[in-house]
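Novice: To start, I am sharing the structure in question, which I have written as structure tokens.
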Amino acid sequence: MRSLRSISRALGTSAVVLALAVPLAPAAAAATPAAPASSSTTAGRVLSVPGLVNARDLGGYRTYDGRTTKWGTVYRTETLSRLTTDGVSALAVLGLGKVVDLRTAPEIQADGTDKLPAGVTAVARPVDDTSLFAFIGGVVRSKDPVQQQAQLGNGAAEARMTALYKGFVTNPANRAQLGAAIKDIAYSTRPVSFHCSAGKDRTGVLADTVLRAVGVPAATAEQDYLLSNSLRAASDKALRDQVKAAGYMQNPDLLIPLQEVRPAYLAAFRDQAVADYGSFGAFLTDGLGLTPTDLVKLRTRTVS
């Protein structure tokens, strides 16, 4: 576990959001997560990689036509910038061809580039976080409980997260990067992994889009999205406890809406896509720029 001193240094800069995003305990929590509503969601999919807690395989999900997403083909994780040596070795076993990084340049500058096994290609597909990175840093660094309550309490944090998710659709650059990331998956001949910082928001909407695009029911895709809460619960609480102990927040529970994924956030993304494009299918083609050929390649690549 990181020392309180190192956490305090992170909290003293705008990199606080990365302290919130990256688990404090780079340990085996990924191997034994708390069970979500459906235990089948975790069966065989959570990766035990030292340095990661929110890493999983997108295989094993049943599609509408009775087929199944392939195991060992597409993975989702949090940032790989803090992997241990053992973690890099564990990642190498997956046989990855490329890792798609959805983080922005300021995030990478603060937290570092991914630590990847030899032979793995790093692909940058930055998706804007609507200044969430700097916002959290400023709020926590203020040490002002009145300001923190005003900025995060009474639904303010939830509203900011909803705006973030809508921005994945309304921002043209975001759509272009998400579309390009899907093409990275579709046309890869080796396994692919993708991530943002915490592996829950940008990573979550990309995973949701990929799964639904290949015929996985929306309810099943949402289960995968919500699994981040179970996998990250212990490390997120540990971070809140340290923020309070270090004197940065009297009420660190104000951070919970920023740390969690929620059905309302995902619904904001999905609803915005339909509102702007008329249907999910039109969002894929007109919004993300995917051609019918791209979508056929994606399904062929990821469904057996």
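The values are calculated or read from the model by the stated rules, or taken from the named source; none is laboratory data. Since this is a predicted model, take the numbers as computed values, not measurements. Note: ideal-geometry Cβ built from the backbone for every residue, glycine included; neighbour counts use all protein chains shown. To get the accessible areas, we keep the full protein, side chains included, count just its heavy atoms, and leave off ligands, DNA and RNA. Shrake-Rupley method; radii C 1.70, N 1.55, O 1.52, S 1.80 Å.
Novice: Hey, can you grab everything whose amide H is under 5 Å from the amide H of PHE194? Only 5+ residues off in sequence or another chain; H modelled, so Pro and N-termini drop out.
Specialist: Counting only residues 5 or more places away or on other chains, the set is TYR75, ARG76, THR77, VAL100.
Novice: Of VAL303, SER142, ALA213, which is farthest on the positive side of the dipole of the chain, counting Cα position, with +1 on Lys and Arg Cβ, -1 on Asp and Glu Cβ, and the Cα centre as origin?
Specialist: Result: VAL303.
Novice: What ranking do 69-76, 195-202 get when scored by the average of other Cβ atoms within 10 Å per residue, highest first?
Specialist: Ranking the peptides 69-76, 195-202 by packing returns 195-202, 69-76.
Novice: In deg cm²/dmol and to the nearest 500, what is the mean residue ellipticity at 222 nm of the chain if only DSSP H runs of at least 4 residues count, each as -39500 (n - 2.57), divided by the residue total? Display every interim value, and only then the final one.
Specialist: On the way: 13 runs with 148 residues, N = 304.
Estimated from H runs of four or more residues: -15000 deg cm²/dmol.
Novice: Let me ask something else about it. Please work out the average accessible area per residue across the chain, using the 1.4 Å probe convention, and give it in Å².
Specialist: On a per-residue basis, 39 Å².
Novice: Rounded to the nearest 20 debye, what is the charge dipole size of segment 118-175 about its Cα centre when +1 sits on each Lys and Arg Cβ and -1 on each Asp and Glu Cβ? Don't skip to the answer; put the middle values down first.
Specialist: Values: 6 positive and 4 negative charges, 18 e Å.
For this selection, approximately 80 debye.
Novice: What is the packing order of peptides 206-218, 121-133, taking the mean over residues of other C-beta atoms within 10 Å and listing the highest first?
Specialist: My ranking of the peptides, most packed first, is 206-218, 121-133.
Novice: Taking a 24 Å limit on the Cα-Cα distance, which of the listed pairs LYS70/LYS183; LYS115/LYS244; LYS115/LYS166; LYS70/LYS166; LYS70/LYS297 fall beyond it?
Specialist: As for pairs spanning more than 24 Å Cα to Cα, those are LYS115/LYS244; LYS115/LYS166; LYS70/LYS166.
Novice: Only four residue types carry charge here, +1 at the Cβ of Lys and Arg and -1 at the Cβ of Asp and Glu. Report the dipole size of segment 159-215 about the Cα centre in Debye, rounded to the nearest 20.
Specialist: Rounded to the nearest 20 debye, it is 80 debye.
Novice: If a/c stays under 1.5 just call it rounded; otherwise compare a/b with b/c (prolate if a/b is bigger, oblate if not). Do that for segment 113-169, with a ≥ b ≥ c from the square roots of the Cα gyration tensor eigenvalues.
Specialist: Verdict is oblate for segment 113-169.
Novice: Right, another one. Under a point-charge model restricted to the Cβ atoms of Lys and Arg (+1) and Asp and Glu (-1), what is the dipole moment magnitude of the chain relative to its Cα centre, in debye to the nearest 20?
Specialist: Values: 33 positive and 25 negative charges, 100 e Å.
Computed charge dipole of the chain: roughly 480 debye.
Novice: Here is a follow-up. Please give every one of the lysines within straight-line cross-link reach of LYS237, meaning a C-alpha to C-alpha distance under 22 Å, and leave out same-chain neighbours fewer than 8 residues apart.
Specialist: The reachable lysines, counting only those whose Cα sits under 22 Å from LYS237, are LYS143, LYS200.
Novice: Using Cα-Cα distances under 8 Å and only pairs 6 or more residues apart, what relative contact order does the chain have, in percent?
Specialist: Details: 524 pairs, mean separation 74.9, N = 304.
Contact order relative to length: 25 percent.
Novice: Then there is this: If you roll a 1.4 Å probe over segment 48-165 with all protein chains in place, what percent of the accessible area is carbon or sulfur?
Specialist: Carbon and sulfur atoms account for 53 percent of the accessible area of segment 48-165.
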